[in-house]
Amino acid sequence: MKKRIRQSAFFVLALLLAVGTARAQFGSRFRQRTDYFTSKVQIAGSRLAIQNLEQAKRDIDNEEFAAAVRLIQQTIDKYGNRAIEVETNRYVGIRDYCNKMILELPKDGLLAYQRQFTPYAENLLQQGIKDHDPMVLRDVFYRYQNTSPGKVALRTAISVHFENGQLDPTRDLALLYRSVYGDDEDSLGPLCAMIFTSSFLGKKDELLELKESLSAAKLQQSIEVGSESRTLGALLDYHIRSLDSVHAKKPEPAP
């Protein structure tokens, strides 16, 4: 099993890192993950976060974007794991709420955010890459997902977990990538990571669901790494057939 993971890791790593330094463009075409829930767990202590965000909204209305984005980022850093009530008995995580606010900023506001915080995110990204530390890389994404280093950090964290043979974290982060950025131009690496981990874990249903959810154009997208060349759909079909073969070889239980 570990040998298969190592062999596949080179393939997935190449895909994940091929555009790892590309500058991501952010906009409404990316699907923003928002987790709603109806529990008051972690609500206590978020009053200051609400005050910060209310002030940030006033700053946005006054086009004082530099001040607004500082408050939003401070709220992510200090209260990101808490929640606020957005409707009666409907709560949302503060980190998700703040990142949605950033995505909805006017163009000048988004540029102000990226000018201020991309350097911080880039420094942390380089530290995570140097130390090969997926926790640092995950932190970059959670704090700065609307900067290009934040997106690169998530892709790199996926590759580090996969290289280490940590299948569940690899799969979870690949799913997170897809929920935040959709099936964008940089998604081949995360999608391949999902395919390999689901295959290694024997989760045929997940592979079938993934195939069903991908567009025809995405399934026809070519994957070329070294001498390997196939479509994403062909890769999915191969792993689905492989699991069928494994199940077919299992002996029948004794009567």
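Under 14 Å of direct C-alpha separation, and excluding same-chain neighbours fewer than eight residues apart, LYS100 reaches these aspartates and glutamates: ASP35. Using only the C-alpha atoms, the convex hull of region 182-232 corresponds to 81 Å³ per residue.
For region 147-236, carbon and sulfur atoms together expose 46% of the accessible surface, with a 1.4 angstrom probe and every protein chain in place. Computed about the Cα centre, the dipole magnitude for region 66-115 is approximately 160 debye when only Lys and Arg (+1) and Asp and Glu (-1) carry charge, each at its Cβ.
The values are calculated or read from the model by the stated rules, or taken from the named source; none is laboratory data. What you are looking at is a predicted structure, and each value in this text was computed from that prediction instead of being measured. Note that each Cβ is placed from the backbone with ideal geometry, even for glycine, and that neighbours are counted across all protein chains shown. To get the accessible areas, we keep the full protein, side chains included, count just its heavy atoms, and leave off ligands, DNA and RNA. Shrake-Rupley method; radii C 1.70, N 1.55, O 1.52, S 1.80 Å.
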